[in-house]
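Here's the structure, in structure tokens; my notes come after.
The values are calculated or read from the model by the stated rules, or taken from the named source; none is laboratory data. Source: prediction; values computed, not measured. Every residue, glycine among them, receives a Cβ derived from its backbone with ideal geometry; neighbour counts consider all protein chains shown. The accessibility values were calculated without ligands, DNA or RNA, using every heavy atom of the protein model including side chains. Shrake-Rupley method; radii C 1.70, N 1.55, O 1.52, S 1.80 Å.
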Number of protein chains: 2
Amino acid sequence: MRMSRYFLPVLKETPSEAQIVSHRYMLRAGMIKQSSAGIYSWLPLGYKVLKKIENIVHEEQSRAGHLPMLMPTIQSADLWRESGRYEAFGDEMLRIKDRHDRDMLFTPTAEELITDIFRSHVNSYKDLPLTMYQIQWKFRDEVRPRFGVMRGREFYMKDGYNFDLTKEDALHAYNRHLVSYLRTYERMGLQAIPMRADSGAMGGDNTHEFLVLAETGESEVFYDSAVTDLTFGDREIDYDNVEQCAGVMEEFTTKYARTDETHDEALFNEVPEERRKVARGIEVGQIFYFGTKYSEAMKATVQGPDGKPVPVHMGSHGIGVSRLLGAIIEASHDDKGIIWPEGVTPFHCGIVNLKQGDEEADGACEALYKSLTALGLEPLYDDRNERAGGKFATMDLIGLPWRITVGPRGLKNGVVELTSRRTGESEEMPPEDAVKKIAAIYAEH
Amino acid sequence: MRMSRYFLPVLKETPSEAQIVSHRYMLRAGMIKQSSAGIYSWLPLGYKVLKKIENIVHEEQSRAGHLPMLMPTIQSADLWRESGRYEAFGDEMLRIKDRHDRDMLFTPTAEELITDIFRSHVNSYKDLPLTMYQIQWKFRDEVRPRFGVMRGREFYMKDGYNFDLTKEDALHAYNRHLVSYLRTYERMGLQAIPMRADSGAMGGDNTHEFLVLAETGESEVFYDSAVTDLTFGDREIDYDNVEQCAGVMEEFTTKYARTDETHDEALFNEVPEERRKVARGIEVGQIFYFGTKYSEAMKATVQGPDGKPVPVHMGSHGIGVSRLLGAIIEASHDDKGIIWPEGVTPFHCGIVNLKQGDEEADGACEALYKSLTALGLEPLYDDRNERAGGKFATMDLIGLPWRITVGPRGLKNGVVELTSRRTGESEEMPPEDAVKKIAAIYAEH
């Protein structure tokens, strides 16, 4: 993309309404624009990151064998009355009357509707196990929406639902989700720690939240520092292998890691003192096993092997897709702007032309642009007639992990400069080497 | 995908509420499920086609240089009061009060919000031209939703908006959209004819609707049969070339083609009698140039070259993404089911194992599955323990364009059967030739 053709409305001033760094930078980098309290438009740069994150979620869910589908945003109140949640949800539910005066609502989550789909179509235990998920817009009418996309009213969420014959099978689905979530967050450059959580209004016993450590997190968390040494890495996983998935679950959830809701001081004190950590965290996902809560209320049964009807065991599993942009920025930035991890960066690298209009510099930039594009990479080429300082400031703010700087002086020696946004280190090299180096970096992402 | 792991709730009976063939087949093939009147869930198979269609739209918009972004579904009524459309829209607008009793609505279209984004960030003619678009859920509270996804209340739409300094520039944007739409529909296997249309409540003079001829179409159309000979094909187009885009516009819109809203009997009678056709059509898209209607009402001006403020010239351009599934099925089916064009088929081919459990047949199917997958193709393998007749009926109903049938008898002679869904013709060949043939077909799509 050429900057001259892009819509990147960078703000020089810090918007006064933004209290946390991710909100500030997303506004300043022209990624989002508020349209009403807690409701945002996603401008091209923000949209691009949102899609990258969504895509990683899809790929990892597909790898785990979960089926993508989509449920509508506007749902009838009837199903929610069946489960008893129409009243229970309170004022956070956006309630709507349609032109025929029927009670409708904007979906805050979708246990009821997926259960209805299930009970309409699945009759036999032979059709189990089944896990379906969607990535769809949700609405929760927060009293005080704040922190930008971290706590918006309209938000983009992955919500998945498993249907199993037995508790044992459903716990395998739970473990499968834990593994797929670990992979998902790591691909985004995040360490998200599964912590024992409170099941709240959703019901059920088994639930973990995934938290990213960040000073601006809304939850206080208590953990054994040894959990931060754990990484899933590139190990192979067979999602059908019950023991293998259970092993990962055990590895990642045995050490002490809890939010304040479930914190147990006595247990925490058994952790060696030097490893006891208290910090703040941002919740970026949650997995639940809630058994037969909805299947019993809504009569979602299958015929078991003995011919008798059995209510299915269910769980639901969520990832806050739009919120993740905020979480990633909270975890990865400096005082100049965002620092995108390679896995989610909107463009793979920036090209800064120090002397737009100089024939040699323009030619070298065009050649770099073509070489990178031919390799399937997406560069953002700042081809505007601006001063170098302004171009650098914009690149630093929007946080592309790599920048190639092209100027007449370097070109005389046959070199351009390749700069890492994270370390700030620069290296001079021939243009073709810069291309090779960037291609090699992204081959790993 | 293996059928045993897929969620494909095929219905044997024809649902009584479905009046047209696309609605019937989408329900029977387990693509959608109604959740309320005119509101549907997209089950895995339907979701897959929806995403294929969405992806083609994105690719062609990107090729035309249009920038993707996303606006929220829930918008404040304030902007709509500014343009005067809050009242004008009537009961089709889904009006909502949030918990603070503020007037909100579910977006039926987004001229107001995009204009607000534009006026907040763009000040100079130097930042033009600019075209942004989104693919987002919309809601129109139809009195009588019907025909499945063809006329639903919640629907998925691409809506794009161009901002230009002059009428001339805006008409180039109009032409660019026409060209990109022609390419888009052709890639989906559709002939969508641009017809002169009525601008209705949107205002403006220049507008064309794209119509797919189908008996079940809601519009009566009148056209010179010579328009159906026109195809865009694989010609190269430079979207920056004003003359080239204008040439395509002229080529595709000069011959008589109008809906009943703009039909002119006298002009029509100038068409040679044998080429005068009256038929029915399904609207799958529309392009508009409406000048300064919104920019004047909402004060969206830029500083012109002479330093004076100028209201920008705008247009908006829509493609009915969810509706396209219905239109494609209306245009491409037989009495056994859907016939997907290669460009949008949910799976590239089906594999039918005639004797599940037979070692040789199972092995050959697995080998085919692996070879196709390794080439980046997605087969749907019917690995269920069912009779051949049932498997064939399902494959015909869901409409994959190619089917490979594998049975012990053929394998004795080293062959499988490759069948075209469209022609019904079958050919015996070694498995590796079937793979090659399918790969060659999709290399062109």
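Holding the Cα-Cα limit at 22 Å, pick out from A:97/B:158; A:97/B:293; A:158/A:299; A:48/A:138; B:48/B:158; A:391/B:308 the pairs that are longer than that.
Those over the limit are A:97/B:158; A:97/B:293; A:158/A:299; A:391/B:308.
Show me you know the interface measure: the accessible area buried between B and A, both chains summed, probe 1.4 Å, in Å² to the nearest 100.
Interface area, both chains combined: 4700 Å², rounded to the nearest 100.
With both partners inside the range B:349-443, how many of the DSSP beta bridges are antiparallel, as a percent to the nearest 5?
Of all bridge pairs located within the range B:349-443, approximately 50 percent are antiparallel.
Using a Gaussian network model of chain A whose springs link C-alpha atoms within less than 10 Å, name the residue from A:150, A:132, A:314 with the highest mean-square fluctuation.
Largest GNM mean-square fluctuation: A:132.
Mind giving me the nanometre distance, one decimal, between the label points for residue B:306 and residue A:386, set 7 Å out from Cα along Cα→Cβ?
Output for this residue pair reads 3.0 nm.
Please report, for residue B:444, the nm distances (one decimal) from its label point, 7 Å out from Cα along the beta-carbon direction, to the equivalent points in the remaining copies, shortest first.
So the distances to the same position in the other copies read 4.4 nm.
Would you mind listing how long the protein assembly as shown runs along its three principal axes, going by Cα atoms, in whole Å with the largest first?
85, 70, 61
In whole Hz and in residue order, list the ³J(HN,Hα) couplings for the range B:255-262 that follow from phi through the Karplus curve 6.51 cos²θ - 1.76 cosθ + 1.60, θ = phi - 60°; x for Gly and Pro.
5, 5, 7, 9, 8, 4, 5, 10
Estimate the FRET efficiency between residue A:62 and residue B:215 by the formula 1/(1 + (r/R0)^6), using the beta-carbon distance for r and 45 Å for R0, to the nearest 0.05.
Working from the Cβ atoms, E equals 0.75.
How far is residue A:225 from the same spot in each other copy, in nm, shortest first, if each label point sits 7 Å from Cα toward Cβ?
So the label point of residue A:225 gives 8.4 nm to the other copies.
Kirkwood Rh and Cα-based Rg: tell me the resulting Rg over Rh for chain B, rounded to two decimals.
1.02
In chain A, what % of DSSP beta bridges are antiparallel (nearest 5)?
85
Can you name the residue in chain B whose Cβ lies closest to the B-to-A rotation axis, and give that gap in whole Å?
Closest Cβ on chain B to the axis mapping it onto A, in Å: B:96, 3.
Between residue A:17 and residue A:231, what is 0.36 nm times their sequence separation minus the Cα-Cα distance? Round to one decimal in nm.
This chain segment gains 73.4 nm when fully extended.
Give the angle, between 0 and 90 degrees and rounded to the nearest 10, that separates the Cα long axis of helix A:321-331 from the longest principal axis of the Cα atoms of chain A.
Here the helix axis deviates by roughly 50 degrees.
So what's the gap between the Cα centers of the range A:66-140 and the range A:311-341, to the nearest angstrom?
24
Helix A:167-187 versus the longest principal axis of chain A: what is the Cα-based angle in degrees, 0 to 90, to the nearest 10?
The angle comes out at about 10 degrees.
Taking one equal scatterer on every alpha-carbon of the range B:152-285, how large is log10 of I(q)/I(0) by Debye at q = 0.10, 0.12, 0.13 1/Å?
One equal scatterer on each Cα of the range B:152-285 leads to -0.34, -0.49, -0.58.
Evaluate the distance, in nm, between pseudo-label points positioned 7 Å from the Cα of residue A:101 and of residue B:393 along their respective Cα→Cβ axes.
Placing both labels 7 Å along Cα→Cβ, they lie 4.6 nm apart.
Roughly speaking, to the nearest percent, how much of chain B's 1.4 Å accessible area is carbon and sulfur?
Reported share for carbon and sulfur atoms: 45 percent.
The range B:289-407: percent of C-alpha pairs farther apart than 24 Å?
Within the range B:289-407, distances greater than 24 Å cover 52 percent of Cα pairs.
With the label 7 angstrom out along Cα to Cβ, how close does residue A:16 come to the same site in each of the other copies, in nm, nearest first?
From this label point to the equivalent ones elsewhere in the assembly: 6.4 nm.
Testing the spin-label approximation: label points 7 Å from Cα along Cα→Cβ at residue B:37 and residue A:432. State their distance in nm.
6.9
What are the GluC sites (Glu not before Pro) within the range A:1-97 that DSSP puts in a loop, where the Cβ has at most 14 other Cβ atoms within 10 Å?
Taking the range A:1-97 and a limit of 14 other Cβ atoms within 10 Å, the loop GluC sites (Glu not before Pro) found are A:13, A:17.
Put one equal scatterer on each alpha carbon of the range B:349-443, apply the Debye formula with no solvent term, and list log10 I(q)/I(0) at q = 0.17 1/Å to two decimals.
-0.65
On average, how much accessible surface per residue is there in the range B:220-263, in Å², for a 1.4 Å probe, leaving out ligands, DNA and RNA?
Result: 52 Å² of accessible area for each residue.
If you fit an axis through the alpha-carbon atoms of helix B:388-398 and take the longest principal axis of the Cα set of chain B, what angle between them do you get, 0 to 90°, nearest 10?
It is inclined by approximately 10 degrees.
Which value, in nm² and rounded to one decimal, describes the direction-averaged projected area of the C-alpha convex hull of the range B:1-141?
12.8
Given a 1.4 Å probe and the protein chains all in place, what does the accessible area of residue B:259 round to, in Å² to the nearest 10?
Ignoring ligands and nucleic acids, residue B:259 comes out at about 0 Å².
Could you list the trypsin sites (Lys or Arg not before Pro) in the range B:400-445 that lie in coil according to DSSP, counting only those with at most 15 other Cβ atoms within 10 Å of their Cβ?
Answer by residue number: B:422.
From the Cα trace of the range A:248-329, what convex hull volume per residue do you get, rounded to a whole Å³?
Here the figure is 184 Å³ per residue.
With r as the distance between the Cβ atoms of residue A:370 and residue A:167 and R0 = 60 Å, compute the FRET efficiency 1/(1 + (r/R0)^6) and round to 0.05.
0.55
What 222 nm value per residue comes from the helices of the protein assembly as shown, counting each DSSP H run with n ≥ 4 as -39,500 (n - 2.57) and dividing by all residues, nearest 500 deg cm²/dmol?
-10000 deg cm²/dmol
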